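Participant: Let me begin by handing over the structure; questions about it come next.
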Amino acid sequence: MSFSGDAKSELCRTAIQRSCCAKAEAHGILLFCNTFQKNMIRIVTENRAFAGRLPRLFHKAFGIAFDSVPDDLAGTAKLTFEITESKKIESIINTFGFSMEQTLSLHINFGLLEEDCCRVSFLRGVFLAGGSVTDPTKRYHMEFVTSHYKVSRELEALLMDMGFVSRETVRSGNFVTYFKQSEHIEDLLTLLGAPVVAMEIMAAKVEKNLRNEMNRRVNCDTANVGKAVDAAQEQLAAIRALERSGRLEELPQKLQETAAQRRRYPEMTLGQLAASFDPPLTKSCLNHRLRKLIELARQEQQEA
């Protein structure tokens, strides 16, 4: 099962208790399902938990049964539920404040969403029918898709009123409301009733951050090692140049000792090399001596 499927399955474990919340959840489902028209209601899903929830939800919300249900919930990939009886559809349409006599221009009936619990139930229905969430190990993305422009705009307003700032786009003629902030996705899934899935997103984010920090440190250490190697090579080249010209033997004792120590320990970093002296030198002192050797070697080359 996909990560999105896991989220929907967890949401479907939320008990259907109050009839007002059942109506709100069914309202969200119908506005985001495959077909909601005067002559047909069709809900298609691949999620078995959602398929098992639908008959109980519609019975609680409207006191009606689907005219067509899948024969085997564990069978085909896509499970289709249909209502075709006109009286049932009319009852549902009237419940949501629409009219069979008028053109069915769908919109969110905010009168059904006055209670906080009903708002949450509505959004749960929206996600179950038209939502998805991406595996957080790949990216952070949660979206709701509907073919109704007015519904999309009203959903944006509802989410904003609840403290969730979404983005909108159009894809293949459908209107998409989406989130890319992991915090909003975590909070919204927790609110809707999927805290386990929300925790998986949090865990994935922590793991990503740790991995990125480790990579950053490794890259930083690698870069520092590279700089140390380059610096040591430059110092050794300067020492060899001074030795070839015979100038090294004429240098002060401290510089000769420094050259000898660097040649003895070419792999050491500046700090390690400074500690190898007896008594130990400071990094600043050693760095000054090595720079002096490089400067003298350059002078030697210019004079040659």
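The values are calculated or read from the model by the stated rules, or taken from the named source; none is laboratory data. Please read these numbers as outputs of a predicted model, since none were measured by experiment. Glycine also receives a Cβ, built like all others from the backbone with ideal geometry; neighbour counts cover every protein chain displayed. Just so you know, the surface numbers come from the protein's heavy atoms only, side chains and all, with ligands and any DNA or RNA stripped out. Shrake-Rupley method; radii C 1.70, N 1.55, O 1.52, S 1.80 Å.
Participant: Can you give the net charge of the other residues whose Cβ lies under 15 Å from the Cβ of Thr269, counting K and R as +1 and D and E as -1?
Facilitator: Values: positive: Lys227, Arg262, Arg264, Lys283; negative: Asp221, Asp230, Glu234, Glu267.
Result for the neighbourhood of Thr269: 0.
Participant: Would you tell me the accessible area of Cys117, worked out with a 1.4 angstrom probe on the heavy atoms of the protein chains, in Å² to the nearest 10?
Facilitator: 50
Participant: Counting other Cβ atoms within 10 Å, keep those with at most 16, restrict to DSSP loop, and tell me which trypsin sites (Lys or Arg not before Pro) in the stretch 215-279 are left. Kindly include the intermediate steps, with their values, before the conclusion.
Facilitator: Working: sites: Arg216, Arg217, Lys227, Arg240, Arg244, Arg247, Lys254, Arg262, Arg263, Arg264; in loops: Arg247.
Hits after loop and neighbour filter: Arg247.
Participant: Same structure, new question: Using θ = phi - 60° and the Karplus curve 6.51 cos²θ - 1.76 cosθ + 1.60, what whole-Hz ³J(HN,Hα) does each residue of the stretch 251-267 get, with Gly and Pro shown as x?
Facilitator: Per-residue couplings from phi come out as 6, x, 4, 5, 6, 5, 5, 5, 4, 5, 5, 5, 5, 6, 10, x, 8 Hz.
Participant: I'd like the per residue volume of the convex hull spanned by the Cα atoms of the stretch 151-196, given in cubic angstrom.
Facilitator: Looking at the stretch 151-196, the number lands at 85 Å³ per residue.
Participant: Evaluate 2.2 N^0.38 Å with N set to the residue count of the stretch 128-183, then give the Cα radius of gyration divided by it.
Facilitator: 1.11
Participant: Further question: Compute the normalised compactness of the stretch 198-304: alpha-carbon radius of gyration over 2.2 N^0.38 Å, N being the residue count. The partial results should precede the final answer.
Facilitator: Numbers: Rg = 20.3 Å, N = 107, 2.2 N^0.38 = 13.0 Å.
Cα Rg divided by the expected 2.2 N^0.38 Å: 1.57.
Participant: Moving on. Cβ neighbours within 10 Å, averaged per peptide: list 120-127, 182-189 in order, most packed at the top. Don't skip to the answer; put the middle values down first.
Facilitator: Details: 120-127: 26.0, 182-189: 19.5.
For the peptides 120-127, 182-189, the packing ranking is 120-127, 182-189.
Participant: Check the straight Cα-Cα distances from Lys254 and name the lysines below 24 Å, setting aside those fewer than 8 residues away within the same chain.
Facilitator: Lys283, Lys292
Participant: Give the relative contact order (percent, whole number) for the stretch 21-79; include only Cα pairs under 8 Å separated by 6+ residues. Provide the component values of the computation, followed by the final result.
Facilitator: On the way: 45 pairs, mean separation 20.8, N = 59.
Relative CO of the stretch 21-79 lands at 35 percent.
Participant: Separate question: Using the Kirkwood radius built from alpha carbon pairs, what does the Stokes-Einstein equation give as D for the chain at 37 °C and 0.692 mPa s, in µm² per second? Show your work: numbers first, answer last.
Facilitator: Numbers: Rh = 24.5 Å.
Answer, rounded: 134 µm²/s.
Participant: Can you tell me what percent of all Cα-Cα pairs in the stretch 1-85 are more than 21 Å apart?
Facilitator: Cα-Cα pairs in the stretch 1-85 separated by more than 21 Å: 25 percent.
Participant: With contacts defined as alpha carbon pairs under 8 Å and 6 or more residues apart, what's the relative contact order of the chain in percent?
Facilitator: Relative contact order here is 15 percent.
Participant: If you split all Cα-Cα distances of the stretch 42-178 into 10 Å bins from zero, what percentages do you get per bin, shortest first?
Facilitator: Per 10 Å bin, starting at zero, the Cα-Cα P(r) for the stretch 42-178 comes out as 10, 35, 39, 15, 1 percent.
Participant: Another question about this same structure. Do any GluC sites (Glu not before Pro) in the stretch 207-304 lie in a DSSP loop with no more than 10 other beta carbon atoms within 10 Å, and if so, which?
Facilitator: On the way: sites: Glu207, Glu213, Glu234, Glu243, Glu249, Glu250, Glu257, Glu267, Glu295, Glu300, Glu303; in loops: Glu267.
For GluC sites (Glu not before Pro) across the stretch 207-304 that sit outside H, G, I, E and B with at most 10 neighbouring Cβ atoms in 10 Å, the list reads Glu267.
Participant: Considering the alpha-carbon set of the stretch 251-303 alone, what are its Rg and its Dmax in angstrom?
Facilitator: 11.3, 35
Participant: Can I ask one more? I want to verify the translational diffusion coefficient of the stretch 119-221 in µm²/s; compute it with Stokes-Einstein, Rh as the Kirkwood radius over Cα pairs, at 37 °C and 0.692 mPa s. Kindly include the intermediate steps, with their values, before the conclusion.
Facilitator: Numbers: Rh = 14.8 Å.
It diffuses with D of about 222 µm²/s by this estimate.
Participant: Out of the total accessible area of the chain (probe 1.4 Å, heavy atoms of protein only), what percent is carbon and sulfur?
Facilitator: Summing carbon and sulfur atoms, their accessible area is 49 percent of the total for the chain.
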